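These notes concern the structure reproduced below.
The values are calculated or read from the model by the stated rules, or taken from the named source; none is laboratory data. Just so we're clear, the structure is a prediction, and the values are computed from it rather than from any experiment. Glycine also receives a Cβ, built like all others from the backbone with ideal geometry; neighbour counts cover every protein chain displayed. For accessibility, only protein heavy atoms count, side chains too; no ligands or nucleic acids. Shrake-Rupley method; radii C 1.70, N 1.55, O 1.52, S 1.80 Å.
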Amino acid sequence: MSVVDRVTSRDGTSIALEQIGAGPPVILVDAACGFRGFGPMGELATLLAPDFRVITYDRRGRGESTDTAPYSVDREVDDIEALIDAAGRGGVFLHGFSSGAVLAMFAAA
């Protein structure tokens, strides 16, 4: 993976992310217990990297991301929106796993 970067969500939460590959951006949204260092998204990112700029991140309160109480789904969607802004709003793919798929759907809506 590449060097860790950060975006700041609407409520000030710092979200850690990594990017690999080149091409259209795809953001991988992990399940509730996953983060960049644990879960299936790292392997998927490697497989997608030849064709996409793959963005993996630590959901709030996990890995190297901070958290701001109270928890809400809307705040997690704000985090994804901050990642989309950083990737460039010219068209971003989202792929989520488990609860991450639900967050990706909310963000796409």
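Looking at (1) modelled with pLDDT under 95; (2) under 21 Å from G91 (Cβ atoms), can you tell me which one G63 breaks?
Here G63 clears every test but (2).
So L103 passes all but one of these: (1) out of contact with any helix residue (DSSP H, G or I) (no Cβ under 6 Å at 6 or more places or on another chain); (2) in a helix (DSSP H, G or I). Which condition number does it fail?
In the conditions (1) out of contact with any helix residue (DSSP H, G or I) (no Cβ under 6 Å at 6 or more places or on another chain); (2) in a helix (DSSP H, G or I), L103 misses (1) alone.
Take segment 14-36 and flag every residue that is part of a loop (DSSP other than H, G, I, E, B), open to solvent by 50 Å² or more (accessible area, probe 1.4 Å) and not small (G, A, S). Step through it out loud before you land on a result.
Just the residues of segment 14-36 that are part of a loop (DSSP other than H, G, I, E, B), to begin with: 21-24, 30-34, 36.
Filter once more, so that each one left must be open to solvent by 50 Å² or more (accessible area, probe 1.4 Å): 22, 24, 33.
Hits for segment 14-36 are P24, C33.
Quick one: in segment 37-63, of everything that is out of contact with any strand residue (DSSP E or B) (no Cβ under 7 Å at 6 or more places or on another chain), not charged (D, E, K, R) and not in a helix (DSSP H, G or I), which residue is nearest to T8 (Cα to Cα)?
G61
Any residue that is outside any helix (DSSP H, G or I), farther than 23 Å from E43 by Cβ and in contact with a helix residue (DSSP H, G or I) (Cβ under 8 Å, 6 or more places away or on another chain) - is there at least one of those in segment 68-90? Don't jump to the end; show me each part of the working.
First, pick out the residues of segment 68-90 that are outside any helix (DSSP H, G or I): 68-72, 88-90.
Okay, now just the ones that are also farther than 23 Å from E43 by Cβ, so 68-72, 88-90.
From the residues that got through so far, the ones that are in contact with a helix residue (DSSP H, G or I) (Cβ under 8 Å, 6 or more places away or on another chain) too are 68.
Yes; the residues of segment 68-90 include at least one that is outside any helix (DSSP H, G or I), farther than 23 Å from E43 by Cβ and in contact with a helix residue (DSSP H, G or I) (Cβ under 8 Å, 6 or more places away or on another chain).
Would you check if there is a residue in segment 45-53 being open to solvent by less than 50 Å² (accessible area, probe 1.4 Å), modelled with pLDDT of 95 or more and closer than 20 Å to A109 by Cβ?
No.
Hey, among the residues in segment 56-82 that are among the acidic types (D, E) and surrounded by fewer than 19 Cβ atoms within 10 Å (Cβ to Cβ), which one's nearest to S99 (Cα to Cα)? Write out each step before concluding.
First pass over segment 56-82, keeping only residues among the acidic types (D, E): 58, 64, 67, 74, 76, 78-79, 81.
With the extra rule that they be surrounded by fewer than 19 Cβ atoms within 10 Å (Cβ to Cβ), the set shrinks to 64, 67, 74, 78, 81.
Numbers: E64: 19, D67: 18, D74: 13, D78: 15, E81: 17 Å.
Selected residue: D74.
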